[in-house]
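Taking it in order: structure first as structure tokens, then the write-up.
None of the figures in this text is laboratory data; all of them are computed from the coordinates on show. All of these numbers come straight from a predicted model, not from anything done at the bench. Note that we place each Cβ from the backbone using ideal geometry, even for glycine, and neighbour counts take in every protein chain shown.
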Amino acid sequence: MKFFCLFVIVLFVSVAGAAEPEFSDVFASGKDNYKSIRIPSVVVTKKGTVLAFAEGRAAAKDQAQNDIILKCSKDGGKSWGPLQLIHDDGANSLNNPTAVVEEESGRVFLMYQRIPAHLKEHSKSIETGYKGTNVYRNLLLWSDDDGATWTKPIDVTRATKRATNATTLASGPGIGIQLTRGPHKGRLIIPFNEGPYHQWNNFAVFTDDRGAMWKFGENVPSAFVPDAKLGQRSQLNEVQMVELSDGSVRLNSRQFAGAKVRKTSVSKNGGVTWSTVQDVPELRDPSCNASILRYSFDDGAGKGRILYSGPDSTKRDNGTVHLSLDDGATWPTKRVLWPGSFAYSVLTKLPDGTIGCLFEADNYGRIAFARFSPEWLTEKR
């Protein structure tokens, strides 16, 4: 009888297939005193707490007195605690929250930018350098208690921004990474882009001493293509990065010119220098920030898994998760996670091995969290 019951259970599982994704709401525009809530970032702490960050905006605009806000989940993203205000800078806008966990200490770093209240991203009066009231500034704070409390922000602009040429500055948005192998093992990397507007460059900001001192690498070469109006225009903008099997780093960037697909480049030295920009033909991009995540280095068959999430469409909808088994060279497997409105997204690996995806839905009306298994992504349909 016991054998018969076990057989029935196994048969049921094989027929039923993997469970469908579960969804929970995290932020909603028009609630918590914010007319708009956008730009997600999500990480899982060393103790398993899920931290979801965003910009709380006074209006549905990129620079609208944005605050940096947070919600925490203690049950793997099934439910969420109350909103926490991380940083309110008055009329100035705080943009592009990008979090990373230092795995040895458990410290959670958050990097973001301060944009003066009188400036917009396309303002011609933005100045380069580090002094004056027309300068973008880069801020950093951290938590040592799973997001319960945070340090006061410190200004790390001089360490992370070029003294000349760079006007706008943007981390991610999304997440940073920590390298786990190779000569730069332990390095924390935050992906960045810098302006001027329409002339963006991608680069990496990194630290080899657990956040005590930060540096920036070189810009990705061949970022520009000819443009009839501007002379030249960048293909790159908002960007995420992922560790490869040998400790190299691959970036995956939003496109702003050229073919309407994601752009990529590889660094063999931990983000200091990069290969020339290449298209990723399998990853369509309507010009929207997206996510790339190292899920595993070895699935038992000698192949690690990298995940990508973004709109598989000509517009910001049809949110799809893709799988690569060759360090992001090809993307043969994909499945639609959310067929409706789907804009910025951030992937994370949850403590039980399931995958989490924090994403903007309903035309920026809310930020939701999806939970799904690797088996759901790869099962035959």
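General remarks:
- Expressed per residue, the C-alpha convex hull volume of the range 171-301 stands at 107 Å³.
- Summary of the geometry: the range 181-260 and the range 304-360, compared by the centres of their Cα atoms, lie 20 Å apart.
- Förster-model FRET efficiency, 35 Å R0, VAL336 and ARG162, C-beta, rounded to 0.05: 0.30
- The chain: C-alpha pair distances exceeding 41 Å, %: 9 percent
- For the chain, averaging the sequence separation of C-alpha pairs within contact (under 8 Å, six or more residues apart) and dividing by the residue count gives a relative contact order of 14 percent.
- Projected area averaged over orientations for the range 191-232, convex hull of C-alpha atoms, nm²: 3.4 nm²
- Dipole magnitude (debye, nearest 20) for the chain, charges at Cβ of Lys, Arg, Asp, Glu: 500 debye
- Label-to-label distance, SER24 versus ASP298, with points set 7 angstrom from Cα along the beta-carbon direction: 3.4 nm.
- Each Lys and Arg Cβ is given +1 and each Asp and Glu Cβ -1; about its Cα centre, the range 218-370 then shows a dipole of about 340 debye.
- Across the range 152-165, rounded Karplus estimates of 3J(HN,Hα) from the backbone phi angles (6.51 cos²θ - 1.76 cosθ + 1.60, θ = phi - 60°) give 6, x, 10, 8, 10, 4, 4, 7, 10, 9, 5, 6, 10, 6 Hz, Gly and Pro being marked x.
- Against the chain, whose longest principal axis comes from its Cα atoms, helix 2-16 is set at around 40 degrees.
- Pairs of C-alpha atoms in the range 150-220 farther apart than 15 Å represent 57 percent of all such pairs.
- Residues with amide H under 5 Å from that of ASN237, placed H, sequence gap 5 or more: ARG254
- Projected label distance in nm at GLU218 and SER105, using a 7 Å step from Cα toward the beta-carbon: 3.1 nm
- Whole-Hz ³J(HN,Hα) from phi, Karplus 6.51 cos²θ - 1.76 cosθ + 1.60, for the range 372-381, glycine and proline x: 8, 8, x, 5, 4, 5, 9, 5, 6, 10
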